[in-house]
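The structure appears right after this line, and notes come after that.
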Amino acid sequence: MKKHTVILIIFFNLIFSALKGQDIHFSQFYAAPLMLNPALTGQFPGDYRAGIQYRDQYRSIPVPYQTFEGFFDTRLPFGSMKQQFSAGLWILNDQAGDGNLSSNKTFATFSFNQNLGNGFWAGVGIGAGFIQKKLDYSALVFDDQWTQSGFDPGVSTAEPAGQQPLKYPDMQAGILISYEADKDRVFYGGISLNHLLKPKESFISSGNRLDFRWTVNAGGHFLINDFLAIDPALIYMNQDKASEWIIGANAAYLPANLPVESLILGLWGRASGDIISSVGADYHRVRLLISYDLNISSLKTVSQYRGGTEMSLLYTWKRKHPPLQEIIVPCIRF
């Protein structure tokens, strides 16, 4: 067991050092809109929005990955009937592996949306923030700690700890097009680019830079009848030589005789080999969603079919005293 743990530590740290994998992301990508695309800032029915999200991944390995994300955004009380300004903030904390690789991100986002007429809106967004990463070297083991009598954690290693913690600024940008055919049919699509500054990210080398990450997202909201609404969505991400897509939909049943406003069931698929199911409910502007990743890829032998569990909580509300001139934009629902 100890040997397997050491192999896993070395494997995951090699991945991090090479930086060939993708950034941290969620199966419920639609529940982290500001992280997904800064142009989505302010795109919701209401004046204020706050959300939190938690992911617990790879319970089959000795130390699972745990990720927390939270955000807040608001429509700013100025503009015109054809223009909307919004601002937001998102934070993320991720704990990975036996070496306690921790990542902390804090970003402020801003967006501007313009009414193009005939139900079309176009928006741009930008985000700027600060990232900090730290690795607990005391939790790792190295080959020079093995002695003739076996492994001795008290033996000092000659491996360099490097720069601790790692700190750097970064930026993101995105565009968004939305179309409201009527109040029951909304379409949207966007493209975002992360790591605009291509920051250096390495504990032991100054020449290793993060690659751009492109993200394409699209979806819609369709009220089928008085009792059923469907929210399909997709995401495609590409960073260096790694890519991923997720596609699926959440269906909301709108009961007439239950205390909740809607009951939600969803089914999604990930190209790498995950089936993602989701369940949740809407109640007085609060949405709770829980999803589970069933891993059926080539990793299923190690993961034992267990991918990750996610939970998201979203709350939207309006100002007590609405502005004199209310701006109406397509309601992109997450």
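Scan region 133-160 for residues that are at pLDDT 75 or above, part of a loop (DSSP other than H, G, I, E, B) and under 17 Å from Ile204 (Cβ atoms) and jot them down.
Leu135, Asp136
Please state which of the following conditions Ile247 fails to meet, knowing it meets all the rest: (1) aliphatic (A, V, I, L, M); (2) closer than 15 Å to Phe26 by Cα; (3) modelled with pLDDT under 95.
The single condition Ile247 does not satisfy is (3).
Return the total of residues in region 61-107 being at pLDDT 85 or above and not in a strand (DSSP E or B).
Selection size over region 61-107: 1.
So, in region 199-222, of the ones that are touching a residue at least 40 places away in the same chain (Cβ under 8 Å) and aliphatic (A, V, I, L, M), which residue ends up surrounded by the most Cβ atoms within 10 Å (Cβ to Cβ)? Full working, then the answer.
Going through region 199-222, the residues touching a residue at least 40 places away in the same chain (Cβ under 8 Å) turn out to be 199, 201-204, 208, 210-211, 213, 215, 217, 219, 221.
Still in the running and aliphatic (A, V, I, L, M): 204, 210.
On the way: Ile204: 11, Leu210: 20.
The qualifying residue surrounded by the most Cβ atoms within 10 Å (Cβ to Cβ) is Leu210.
Counting just the residues of region 88-118 that are of a type in the set (Gly, Ala, Ser) and touching a Leu at 6+ places or on another chain (Cβ under 6 Å), which one comes out nearest to Gly42 (Cα to Cα)?
It comes out as Gly88.
Which one is nearest to Leu267 (Cα to Cα), of the residues in region 192-233 that are hydroxyl-bearing (Ser, Thr, Tyr) and not in a strand (DSSP E or B)?
Residue satisfying both the conditions and the ranking: Ser202.
Which numbered condition trips up Asp274, out of (1) among the charged types (D, E, K, R); (2) surrounded by fewer than 17 Cβ atoms within 10 Å (Cβ to Cβ); (3) under 13 Å from Ser27 (Cβ atoms)?
Asp274 satisfies all of (1) among the charged types (D, E, K, R); (2) surrounded by fewer than 17 Cβ atoms within 10 Å (Cβ to Cβ); (3) under 13 Å from Ser27 (Cβ atoms) except (2).
With (1) modelled with pLDDT under 95; (2) under 15 Å from Val279 (Cα atoms); (3) of a type in the set (D, E, K, R); (4) crowded, with 16+ Cβ neighbours inside 10 Å as the list, and Glu261 as the residue in question, which single condition is left unmet?
That leaves (4) as the condition not met.
For Gln304, work out the one condition from (1) out of contact with any helix residue (DSSP H, G or I) (no Cβ under 8 Å at 6 or more places or on another chain); (2) modelled with pLDDT under 95; (3) on the phi < 0 side of the Ramachandran plot it doesn't fulfil.
For Gln304, the failing item is (3).
Yes/no matrix, rows are residues, columns are (1) touching a Cys at 6+ places or on another chain (Cβ under 6 Å); (2) of a type in the set (A, V, I, L, M, F, W, C); (3) buried (at least 18 other Cβ atoms within 10 Å of the Cβ); (4) more than 24 Å from Ile235 (Cβ to Cβ):
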{"residue": "Gly117", "(1), (2), (3), (4)": "no, no, no, yes"}
{"residue": "Phe120", "(1), (2), (3), (4)": "no, yes, no, no"}
{"residue": "Gly125", "(1), (2), (3), (4)": "no, no, yes, no"}
{"residue": "Gln132", "(1), (2), (3), (4)": "no, no, no, yes"}
{"residue": "Asp144", "(1), (2), (3), (4)": "no, no, no, yes"}
{"residue": "Pro153", "(1), (2), (3), (4)": "no, no, no, yes"}
{"residue": "Pro165", "(1), (2), (3), (4)": "no, no, no, yes"}
{"residue": "Ile191", "(1), (2), (3), (4)": "no, yes, no, no"}
{"residue": "Leu197", "(1), (2), (3), (4)": "no, yes, no, no"}
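Can you tell me how many residues within region 146-199 are in contact with a His (Cβ under 7 Å, 6 or more places away or on another chain), under 18 Å from Gly127 (Cβ atoms) and among the aliphatic types (A, V, I, L, M)?
Here is the first cut: in region 146-199, the ones in contact with a His (Cβ under 7 Å, 6 or more places away or on another chain) are 170, 186.
Going one step further and asking which of them are under 18 Å from Gly127 (Cβ atoms), we end up with 170.
Next, only the ones that are among the aliphatic types (A, V, I, L, M) stay: none.
Number of matching residues: 0.
Does region 156-179 contain any residue that is touching a Gly at 6+ places or on another chain (Cβ under 6 Å) and over 21 Å from Gly88 (Cα atoms)?
Looking through region 156-179, at least one residue is touching a Gly at 6+ places or on another chain (Cβ under 6 Å) and over 21 Å from Gly88 (Cα atoms).
All but one of (1) surrounded by 15 or more Cβ atoms within 10 Å (Cβ to Cβ); (2) modelled with pLDDT under 90; (3) over 19 Å from His221 (Cα atoms) hold for Ile332, so report the exception by its number.
(3)
Please verify whether region 75-82 includes one or more residues that are charged (D, E, K, R), crowded, with 19+ Cβ neighbours inside 10 Å and touching a residue at least 60 places away in the same chain (Cβ under 8 Å). Break it down stepwise before answering.
Taking region 75-82 as the starting set, the residues that turn out to be charged (D, E, K, R) are 75, 82.
Still in the list and also crowded, with 19+ Cβ neighbours inside 10 Å: 75.
Now narrow it down to the ones that are touching a residue at least 60 places away in the same chain (Cβ under 8 Å): 75.
Yes, region 75-82 contains at least one residue that is charged (D, E, K, R), crowded, with 19+ Cβ neighbours inside 10 Å and touching a residue at least 60 places away in the same chain (Cβ under 8 Å).
Would you mention how many residues in region 223-241 are touching a residue at least 60 places away in the same chain (Cβ under 8 Å) and surrounded by 14 or more Cβ atoms within 10 Å (Cβ to Cβ)?
Adding up the residues that qualify gives 6.
The values are calculated or read from the model by the stated rules, or taken from the named source; none is laboratory data. Note that this is a predicted model, so its numbers are computed, not measured. Cβ coordinates were reconstructed from backbone atoms using ideal geometry, including for glycine residues, and neighbour counts include every protein chain displayed.
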